[in-house]
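The block underneath contains the structure these notes are about, expressed in structure tokens.
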Amino acid sequence: MENRLSKWWFLVVLAVPFILMFCLHIGIALGNYFGININVPNVDASTWFIFCGSYLGGTMTLAGVMITLKHERSIHQYEKAMEIIEKERDGLGKVICELNLFAPNALYQRFNSIRITSTGYDSVEVSAVRQQIAEEMQKINTAKLEAMFFSEVYVIPAGCPTCKNPCRIPTILPEFQRIYENVGNRIFTLLQIIDTYIVACNQNAIRRALIANCQKTNQQCQLCGQPPEYGESEIKRYESEIINVESQQSKIIAALTEIGKYTQTEIPQLTALAREYIALKKQNAYKSCFPAKEG
């Protein structure tokens, strides 16, 4: 609407000298044929021509200045939009890279490589693995929050429903969200399962160490001709507290196999969607800043 008004004002300003010239010629014609002088005294045609030439020259100069200022303002807006889009592109690349597909397998193998001693697992090493699991889970949550607050991949642009030249952004964003959340949630869930598995294995190692210690103490008592220090019921209680982790191991191995395939499918899809989204945003920004150059 504003552009239309500007164009009409420009046309009016440009037409004013021609209207004045037309009125001048009518006045001259009335004076020559009917003796009626409606022109300003002592102002002849040459004066009006000089005025109109000066007026048109000033008008064209003003028009050139206005066009230049408008173009420079469009360039500034476009450069600012490009800066914001480039930051969003870097942010999307970061949140995709934060989906560490190799962390679950590395942490699972690291725990399984911890040597079991007579007292169970080394508590310091177990704590270190669990701490790293917690850090990886925090990275996933942080990356999702960054995607939500520092990019627009979780927000459909307000102008999309009424856009006269629709693009693929309304289709890309839900697809990106679906794949990203599926991968992130799958890794997060697997890390939880691995952490539960570590806790269970650690408790089992402690129980087995207690059972071995009770049996060893009872054997020493028997060699010394003394009654056993620990009863059979106490040993069986420790044995009943041992958790069967085979089902957890099966889930972990299956999930690790599934996530390992994401490097060939989901991650390339996320990358392609992000690149297309950024390219479309740049294209839309150009059209918005330079509407006369569309097409």
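Scan segment 257-267 and give yes if some residue there is among the polar types (S, T, N, Q) and in contact (Cβ under 8 Å) with a residue 24 or more places away in the chain, otherwise no.
yes
From the residues in segment 276-295 that are among the basic types (K, R) and touching a residue at least 24 places away in the same chain (Cβ under 8 Å), which one is surrounded by the most Cβ atoms within 10 Å (Cβ to Cβ)?
K281
Quick check: anything in segment 113-122 part of a helix (DSSP H, G or I) and either free of Cβ contacts under 8 Å to residues at least 40 places away in the same chain or of a type in the set (G, A, S) (or both)?
No, segment 113-122 contains no residue that is part of a helix (DSSP H, G or I) and either free of Cβ contacts under 8 Å to residues at least 40 places away in the same chain or of a type in the set (G, A, S) (or both).
If you check A81 against the conditions, is it in contact (Cβ under 8 Å) with a residue 24 or more places away in the chain, farther than 28 Å from G260 by Cα, surrounded by 14 or more Cβ atoms within 10 Å (Cβ to Cβ) and of a type in the set (A, V, I, L, M)?
Yes, satisfied.
Please specify each residue of segment 128-183 satisfying the condition of being free of Cβ contacts under 8 Å to residues at least 60 places away in the same chain, surrounded by 18 or more Cβ atoms within 10 Å (Cβ to Cβ) and either more than 27 Å from I194 (Cβ to Cβ) or of a type in the set (V, I, T) (or both).
I140
State all residues of segment 245-290 that are of a type in the set (S, T, N, Q), out of contact with any Cys (no Cβ under 9 Å at 6 or more places or on another chain) and closer than 30 Å to I67 by Cβ; if no residue qualifies, say none.
S288
Check A143 against each of (1) within 22 Å of K282 (Cβ to Cβ); (2) of a type in the set (A, V, I, L, M, F, W, C); (3) outside any loop (DSSP other than H, G, I, E, B) and name the one condition it does not meet.
For A143, the exception is condition (1).
Any residue that is among the basic types (K, R) and under 23 Å from the mean Cα position of the chain (by Cα) - is there at least one of those in segment 182-191?
Within segment 182-191, one or more residues are among the basic types (K, R) and under 23 Å from the mean Cα position of the chain (by Cα).
Of these, G231, G225, which one is at positive phi and free of Cβ contacts under 8 Å to residues at least 60 places away in the same chain?
G225
Go through (1) free of Cβ contacts under 8 Å to residues at least 24 places away in the same chain; (2) within 30 Å of R186 (Cβ to Cβ) for Q219 and report which single condition fails.
Just one mismatch for Q219, condition (2).
Check I194, I259, I253 and return the single one that is surrounded by 15 or more Cβ atoms within 10 Å (Cβ to Cβ), farther than 30 Å from P170 by Cβ and not aromatic (F, W, Y).
The conditions single out I194.
Any residue that is modelled with pLDDT of 85 or more and within 10 Å of the chain's Cα centre (by Cα) - is there at least one of those in segment 161-174?
Scanning segment 161-174, I find at least one residue that is modelled with pLDDT of 85 or more and within 10 Å of the chain's Cα centre (by Cα), so the answer is yes.
Wholly within segment 211-295, which helices (runs of 4 or more DSSP H) include no fewer than the required count, namely at least 2 residues that are of a type in the set (A, V, I, L, M)?
Per the criteria, 246-260, 266-289.
Looking at this structure, is S127 among the small types (G, A, S), at pLDDT below 90 and over 24 Å from T257 (Cβ atoms)?
no
Within segment 262-275, restricting attention to residues that are among the aliphatic types (A, V, I, L, M) and over 18 Å from Y154 (Cβ atoms), which residue is surrounded by the most Cβ atoms within 10 Å (Cβ to Cβ)?
It comes out as I267.
The values are calculated or read from the model by the stated rules, or taken from the named source; none is laboratory data. Given the structure is predicted, the values throughout are model-derived calculations rather than measurements. Counting neighbours? That spans all protein chains shown, and the Cβs are built from the backbone with ideal geometry, glycine included.
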